[in-house]
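Structure, as C-alpha cells:
The values are calculated or read from the model by the stated rules, or taken from the named source; none is laboratory data. Since the model is a prediction, treat every value here as computed from it, not as a measurement. As a convention, Cβ positions derive from the backbone with ideal geometry for all residues, glycine included, and neighbour counts pool all protein chains shown.
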Amino acid sequence: MKALDLINKKKNGETLSKEEIYFLINAFNAGDVPDYQMAALLMAIYFQGLNTKETTALTAALAESGEVLDFSFLGTAVADKHSSGGVGDKITLIMAPLVAAAGVPLAKISGRGLGFTGGTIDKLESIPGFSTQLPVKRFIELVQKNNLAIMAQTDKLTPAEGKLYALRDVTGTVENLSLIAASIMSKKIAAGADAILLDVKLGKGAFIQEREAAFQLAETMFRIGNEMGRQVVSVVTNMNQPLGFAVGNALEVKEALSVLSGEGPADLEQLSLLLGGYLLTLVDKVRNPDEGEQELARLLKSGAGLAKFKELVASQGGDTAYCDHPALFPSTKYRQKMTAPRAGYLREIHAGKIGQVAAMLGAGRFYKEQQIDPAAGIVLSHKVGDFVAEGETLACLHGNDKNIIEEALKGLNSAFAIGEERPEDLPLVYGVVPPFPC
Ligand code: URA
C-alpha cells in the first residue's frame, strides 16, 4: 500500500477500506507517512467526507494507536462523559461524583481547555495539591476503589490522535464532523468506556453554532459507538448563555461545590441531573432517564455527591479543606463590577463573548503553553429573562491586571442585550440521539 495512492483515492471521492485506514494511521504514527502527506489526506477527507464505516475504522485505528484501558476485570460497565466544550461548563464536576455515588464507575480522561475558559483539568488543578497526572495504573486503581478518577490526557493513549489533531489545527481541517467525531470517540474508546454520554453544545459559546451540524455530530458519534459495541447517548444542549453564573477555573469549582451542597444555580443542577440520568440508564442502573434523575437528586440532597467529590480530591492529593471552606480559594487583586446601562429584560448574555473576556482576564488560553490564572474570571449576576434596574450589577470581573480589566470591561458591554420585552425561556436541551427510551 502507498499513501499517495490512498490520498488520490480519497481525493477522487472513493471509499477507503478499514485496512487502508489502519495502514495510514499506523504509518503516520510510526513517522513513515510524513505530515505533508497526512495533511493532503486530511484536506481530501475535509472535502470528500468519510462514511460511517470509514469514520468507525478511523476511530478504532486512532484508539488502538496507543494503550487501550481495560476495565473488564471490574465485571461492570464503566461510564464516561464528554462535553464538546462550553462557557461555564462545570457539569463534569457535579455529575461525575453523583454518578459514582450511585455505584457506577466513572473513568474520565480530560483535556485542558484551549480558548474560552479552561477545561475540567484546569478547573480541578485550581484545588491546591490536586494531581491530574496519574500513572495509568493508579488511575485504574482509583476507579476500582472509589468508582471515580479524573486525569489529564497522556501520550500513552491515542498518540496518533494527538499528532493528527495538531496537524488539523494548522491545516484548516478541524471543522469536519467525521474527523471531530473520530477524534472524540477514539479517546473515549481508548479510556475503556462502555457507556458514553456525549454533551454536544450548540450555540454562541460553542464551537458548533448550527443546529444541523450539532445533530449530525451527535448522530455520527452515536453510530460510531454502536458500531464499536458501546452504549452511547448524545444530548444536544444549549450554549447560548453561560451555564450557571461563574466562568473561570476556581470560580467554577466553587460554584460546582455550591450545587453539590444543594445551593447552586438551577440550570446547572438541572442539566447535571438530566445528563447523569441518561448515563445511569445506559448502564442499566435505572429503567429510564427520569428515574436516573430522581436517583441523582436523592444523592445530591443526601450529600453523597459532595462526599464523593471530596473523596476524589483527597485521593488525587488535593486539599479537601477547600471543599469545606470554598472561601479559601485565592481571589484576584482586582474586582470590577459591570452595571446595566438601562432598565429592562436581559434578552441575551452572549456566551462566546463572555468566554473571550474571561480568557482575556486569564481564565483561558490563547496558545497551548499559556499559564492559566486559576482565580480569574467573571461572575454573572443574572440569567437571560431576568429584569434588571438601571445601574444594577450585571457581572463582576475578577483579574490581576488593572489595564486588562479595563479592556475586558469594554469587551463585555456587547455581551449583554437589554430590551423592553421578556424573551422566551431558553431550552436547556435541544434534543437527544437516539430518542429515549431506545
Ligand atoms: N474536540 C476534540 O476532542 N476533537 C476535535 O476534533 C474537536 C473537539
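What residue, of Ala218, Ala182, Ala193, is modelled with pLDDT of 95 or more and in contact with a Phe, Trp or Tyr (Cβ under 9 Å, 6 or more places away or on another chain)?
On the way: Ala218 fails: in contact with a Phe, Trp or Tyr (Cβ under 9 Å, 6 or more places away or on another chain); Ala182 fails: in contact with a Phe, Trp or Tyr (Cβ under 9 Å, 6 or more places away or on another chain).
None of the others qualify; the one that does is Ala193.
Pull up the stretch 333-379, narrow it to residues that are farther than 17 Å from Ile405 by Cβ and of a type in the set (Asp, Glu), then point me to the one that is nearest to the chain's Cα centre (by Cα).
Per the criteria, the residue is Glu369.
Just give me the residues in the stretch 63-93 being closer than 20 Å to Ile189 by Cβ and touching a strand residue (DSSP E or B) at 6+ places or on another chain (Cβ under 9 Å), in sequence order. Give the steps one after another, and end with the answer.
Keep residues of the stretch 63-93 that are closer than 20 Å to Ile189 by Cβ, which gives 63-85, 92.
Those that are closer than 20 Å to Ile189 by Cβ and touching a strand residue (DSSP E or B) at 6+ places or on another chain (Cβ under 9 Å): Leu69, Phe71, Ala77, Val78, Ala79, Asp80, Lys81, His82, Ser83, Ser84, Gly85, Thr92.
Out of Ala206, Ala182, Ala218, Ala214, which single residue is within 16 Å of the ligand (Cβ to nearest atom), assigned to a loop (DSSP other than H, G, I, E, B), buried (at least 24 other Cβ atoms within 10 Å of the Cβ) and not hydroxyl-bearing (Ser, Thr, Tyr)?
On the way: Ala182 fails: assigned to a loop (DSSP other than H, G, I, E, B); Ala218 fails: assigned to a loop (DSSP other than H, G, I, E, B); Ala214 fails: assigned to a loop (DSSP other than H, G, I, E, B).
Step by step, each of Ala206, Ala182, Ala218, Ala214 is checked, and only Ala206 is within 16 Å of the ligand (Cβ to nearest atom), assigned to a loop (DSSP other than H, G, I, E, B), buried (at least 24 other Cβ atoms within 10 Å of the Cβ) and not hydroxyl-bearing (Ser, Thr, Tyr).
To keep it simple, each residue is scored yes or no on (1) within 16 Å of the ligand (Cβ to nearest atom); (2) of a type outside the set (D, E, K, R); (3) modelled with pLDDT of 95 or more; (4) not assigned by TED's automatic domain parsing to the domain that holds Ala314.
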{"site": "Ser17", "(1), (2), (3), (4)": "no, yes, yes, yes"}
{"site": "Glu20", "(1), (2), (3), (4)": "no, no, yes, yes"}
{"site": "Ala27", "(1), (2), (3), (4)": "no, yes, yes, yes"}
{"site": "Ala96", "(1), (2), (3), (4)": "no, yes, yes, no"}
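Right, Gln133: at negative phi, away from the ligand (no atom under 16 Å from the Cβ) and in contact with a Pro (Cβ under 9 Å, 6 or more places away or on another chain) or not? Reasoning before the result, please.
Values: at negative phi: yes; away from the ligand (no atom under 16 Å from the Cβ): yes; in contact with a Pro (Cβ under 9 Å, 6 or more places away or on another chain): no.
No; evaluated as a whole, the condition is false for this residue.
Quick check: anything in the stretch 291-307 among the hydroxyl-bearing types (Ser, Thr, Tyr) and loosely packed, with under 14 Cβ neighbours inside 10 Å? Let's see the steps before the verdict.
Let us first name the residues in the stretch 291-307 that are among the hydroxyl-bearing types (Ser, Thr, Tyr), namely 302.
Then drop every residue that is not loosely packed, with under 14 Cβ neighbours inside 10 Å, which leaves 302.
Checked against the condition, which is being among the hydroxyl-bearing types (Ser, Thr, Tyr) and loosely packed, with under 14 Cβ neighbours inside 10 Å, the stretch 291-307 yields at least one hit.
Restricting the first residue to the stretch 67-82 and requiring it to be among the hydrophobic types (A, V, I, L, M, F, W, C), which pairs with a second residue that is within 16 Å of the ligand (Cβ to nearest atom) and assigned to a helix (DSSP H, G or I) meet a Cβ separation below 6 Å and a spacing of at least six or different chains?
Val68/Ala190
Restricting to the stretch 408-423, what's the tally of residues that are at pLDDT below 95 and among the charged types (D, E, K, R)?
Qualifying residue count, the stretch 408-423: 1.
May I ask you to list the residues in the stretch 402-435 that are assigned to a loop (DSSP other than H, G, I, E, B) and of a type in the set (Phe, Trp, Tyr)?
Filtering the stretch 402-435 down to residues assigned to a loop (DSSP other than H, G, I, E, B) leaves 414-415, 420-428, 434-435.
Matches in the stretch 402-435: none.
Residues of the stretch 1-52 being small (Gly, Ala, Ser) and part of a helix (DSSP H, G or I), which ones?
Going through the stretch 1-52, the residues small (Gly, Ala, Ser) turn out to be 3, 13, 17, 27, 30-31, 39-40, 44, 49.
Once the filter is applied, which keeps residues that are small (Gly, Ala, Ser) and part of a helix (DSSP H, G or I), the stretch 1-52 yields Ala3, Ala27, Ala30, Ala39, Ala40, Ala44.
Among the candidates Asn238, Asn226, Asn249, which residue alone is more than 16 Å from the ligand (Cβ to nearest atom) and farther than 23 Å from Ala107 by Cα?
After ruling out the rest, the residue left standing is Asn238.
Take the residues in the stretch 391-438 that are surrounded by 14 or more Cβ atoms within 10 Å (Cβ to Cβ) and polar (S, T, N, Q); name whichever of them is farthest from Ala214 (Cα to Cα).
Taking the candidates together, the pick is Asn400.
Among the numbered conditions (1) within 16 Å of the chain's Cα centre (by Cα); (2) at positive phi, tell me where Gly229 comes up short.
Of the numbered conditions (1) within 16 Å of the chain's Cα centre (by Cα); (2) at positive phi, the odd one out for Gly229 is (1).
Of (1) farther than 30 Å from Gly305 by Cα; (2) in a loop (DSSP other than H, G, I, E, B); (3) not small (Gly, Ala, Ser), Thr55 satisfies all except one. Which?
(2)
Considering Leu300, Leu271, Leu279, which residue is in contact with a strand residue (DSSP E or B) (Cβ under 8 Å, 6 or more places away or on another chain) and over 27 Å from Gln133 (Cβ atoms)?
Leu271
Which condition number does Gly229 fail, the rest of (1) among the small types (Gly, Ala, Ser); (2) part of a loop (DSSP other than H, G, I, E, B); (3) in contact (Cβ under 8 Å) with a residue 60 or more places away in the chain being met?
Evaluating Gly229 over (1) among the small types (Gly, Ala, Ser); (2) part of a loop (DSSP other than H, G, I, E, B); (3) in contact (Cβ under 8 Å) with a residue 60 or more places away in the chain leaves (3) as the failure.
Show the residue pairs meeting these rules: Cβ distance below 6 Å; 6+ apart or different chains; first residue within the stretch 20-45 and at positive phi; second residue hydroxyl-bearing (Ser, Thr, Tyr) and buried (at least 18 other Cβ atoms within 10 Å of the Cβ).
So the pair list comes out empty.
Residue by residue through the stretch 149-179, note down the ones that are in contact with a helix residue (DSSP H, G or I) (Cβ under 9 Å, 6 or more places away or on another chain), charged (D, E, K, R), within 10 Å of the ligand (Cβ to nearest atom) and more than 23 Å from Ser234 (Cα to Cα).
Result: Arg168, single match.
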